[in-house]
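Undergrad: Can you read through this structure? Questions will come right after.
Rule-based calculations on the coordinates, nothing more; no lab input. Just so it is clear, the model here is predicted, and its values are computed rather than measured. Cβ atoms come from the backbone with ideal geometry, glycine included; neighbour counts cover every protein chain shown.
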């Protein structure tokens with residue numbers, strides 16, 4: 001039997017709803033979904049990038065793997081997805097980055113691997129392209145004559161060419177479309193793939209559509225800003241801030257608009273409509289560009305006669321609020337921060353199916369192990385998605401989903417409420433009817449999703465919801481207890 005191939009594709013900061021665009025800008029991923037399984041209630045278990053990716057790579061919740069924030073090391077005792085795959089004679093080859101900080105206890109003082117993000121343990125390196133130092137791509141741009149000094153200004157817009165959106169993000173990049181970070185990484189993957197025998201395994205991790213929100217021509221004119229829907233948010237920033245002290249802090253000095261696009265200043269809440277429409281359009285254009293290059297990968301796999309023998313998984317580390325709730329990036333409890341895509345195509349099982357059950361990034365490792373015929377280690381927090389993918393929902397499948405965010409940089413909020421560094425943790429519990437948010441030392445948040453699907457009202461303090469809030473706090477504690485580290489528990 002031909003050994004199957006594995007292609008895992010991750011985008012960064014992918015907004016699956018496409019901002020209400022009247023047409024889809026991702027035809028290649030749509031075509032993949034038409035012969036695959038789409039998981040419509042798929043969520044990250046942590047934000048931002050590194051904590052979320054650690055959940056995907058280990059099958060563990062953040063309180064177990066310990067990567068609570070970017071730049072926090074991944075304990076070497078945790079087996080990674082790449083190390084699991086090696087046990088089955090795969091050589092997972094990385095194109096892109098994994099936002100992994102290595103365990104410093106395993107390295108000598110001064111080891112260069114202690115500086116910056118490193119590839120995930122267990123990976124072979126096809127092209128390491130971390131956001132903070134994409135050395136190979138920068139060398140490529142210099143060879144093409146693109147003017148820049150370092151990775152800080154590589155994404156500066158070309159102000160000499162027309163602004164395609166009329167707003168903050170409409171000027172094109174300095175580099176050509178064929179030289180973009182997305183194009184370059186795809187080229188490296190295609191060069192590698194063309195020489196691989198059957199049984200290859202690739203992890204293709206794109207930076208896009210993560211900010212900086214800038215696209216090369218012609219992608220910067222691919223999306224009409226006027227066609228996109230307005231943000232979901234309260235009538236005023238003050239009304240949004242009144243929901244909770246955390247929102248008040250975030251809408252005050254915690255969310256600067258210069259993170260959204262070059263040249264902006266002040267609060268995200270005050271960004272003008274012409275600019276938020278421009279930024280949303282370019283974010284979606286970057287998704288469209290990524291989709292086009294994913295299509296190139298699919299075309300080559302088919303041309304080499306490997307399509308029916310390749311498992312394909314597409315997902316993202318987290319989503320992007322993108323002006324909903326007067327915010328950008330991902331730093332709050334709203335679904336727009338953590339609801340992400342998951343498309344899974346199993347070799348020989350090209351059946352279209354949509355799954356509405358709650359699934360999460362911790363389920364990826366158990367799913368791959370199950371597909372390979374291996375027993376899933378009992379201490380993992382995720383579960384195999386294969387039964388759902390095959391139309392057989394287990395009777396005991398989860399009825400809720402949870403995630404966490406360590407907001408350690410919020411100094412003003414911490415000072416005002418006496419929060420220690422350890423206290424600055426947001427834990428979110430969501431089911432079909434309610435969302436509950438627990439933050440030590442701060443009031444709770446309760447959202448009635450049936451009455452308020454836009455998440456515009458915190459009802460935790462309303463007497464009619466008092467018993468419900470108490471019950472959901474109990475559910476939060478159950479989750480925390482259930483997901484303690486159980487790697488040495490003989491009963492699991």
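Undergrad: Extension gain residue 144-residue 272, at 0.36 nm per residue separation less the Cα-Cα distance, in nm?
TA: Value of the extension gain: 42.5 nm.
Undergrad: Still on this model: Given the rule -39500 (n - 2.57) for each run of at least 4 DSSP H residues, summed and divided by the residues of the chain, what is its mean residue ellipticity at 222 nm, to the nearest 500 deg cm²/dmol?
TA: Values: 14 runs with 133 residues, N = 492.
After summing the helix terms and dividing by residue count, I get -8000 deg cm²/dmol.
Undergrad: While we're on this one: Give the peptides 264-272, 166-174 in descending order of average Cβ contacts within 10 Å, highest first.
TA: Final packing ranking: 166-174, 264-272.
Undergrad: Something else now. Starting with the highest mean, order 372-378, 44-50, 16-22 by the number of other Cβ atoms within 10 Å, averaged over the residues of each peptide. Spell out each step's value before the answer.
TA: Details: 372-378: 12.1, 44-50: 25.6, 16-22: 16.4.
With the highest mean Cβ count within 10 Å placed first, the list reads 44-50, 16-22, 372-378.
Undergrad: Sticking with this one: Could you list 294, 355 in order of exposure, starting from the residue whose Cβ has the fewest other Cβ atoms within 10 Å?
TA: Values: 294 23, 355 19.
Fewest to most other Cβ atoms nearby, the residues stand as 355, 294.
Undergrad: While we're looking at this one, here's another question. Take the alpha carbon gyration tensor of region 12-120, find the square roots of its eigenvalues, order them as a ≥ b ≥ c, and report rounded if a/c is under 1.5; if not, report prolate when a/b exceeds b/c, else oblate.
TA: Here region 12-120 falls in the prolate category.
Undergrad: Still on this structure: Assuming R0 = 51 Å, can you tell me the calculated FRET efficiency for the pair residue 372 and residue 236, based on Cβ-Cβ distance, to the nearest 0.05?
TA: Computed FRET efficiency for residue 372 and residue 236: 0.45.
Undergrad: With a cut-off of 15 Å, note down the residues of region 146-182 whose backbone N falls inside the zone around a label point 7 Å from the Cα of residue 226 toward its beta carbon.
TA: 164-167
Undergrad: Rounded, prolate or oblate for region 5-399? Axes are the square roots of the Cα gyration tensor eigenvalues, ordered a ≥ b ≥ c, and the cut-off for rounded is a/c under 1.5.
TA: Here region 5-399 falls in the rounded category.
Undergrad: Taking Cα pairs under 8 Å and at least six residues apart, what relative contact order does the chain come out at, in percent?
TA: This gives 23 percent for the chain.
Undergrad: So, in nm, how far is label residue 111 from label residue 89 when the simple model puts each one 7 Å beyond its Cα toward the Cβ?
TA: 3.1 nm
Undergrad: Further question on the same structure: List the residues of region 297-316 whose backbone N lies under 16 Å from a point placed 7 Å from the Cα of residue 196 along the Cα-to-Cβ direction.
TA: Counting only backbone N, you get 297-315.
Undergrad: While we're on this one: If you average the alpha carbon positions of region 220-283 and of region 185-217, how far apart do those two centres end up, in angstrom?
TA: 30 Å
Undergrad: Express in nm, to one decimal, how much length is gained between residue 423 and residue 393 on full extension, taking 0.36 nm for each residue of separation and deducting their alpha carbon distance. Write down the numbers at each step before the final one.
TA: Details: separation 30, 0.36 × 30 = 10.80 nm, distance 3.72 nm.
Going from the current span to full extension adds 7.1 nm.
Undergrad: So what's the gap between the Cα centers of region 120-135 and region 345-360, to the nearest angstrom?
TA: One Cα centre to the other: 29 Å.
Undergrad: Under a plain spin-label model, where a point goes 7 Å from the Cα along Cα-to-Cβ, how far apart in nm are residue 411 and residue 71?
TA: In this crude label model, residue 411 to residue 71 measures out at 1.4 nm.
Undergrad: Assuming R0 = 56 Å, can you tell me the calculated FRET efficiency for the pair residue 136 and residue 431, based on Cβ-Cβ distance, to the nearest 0.05?
TA: FRET efficiency, residue 136 to residue 431: 0.80.
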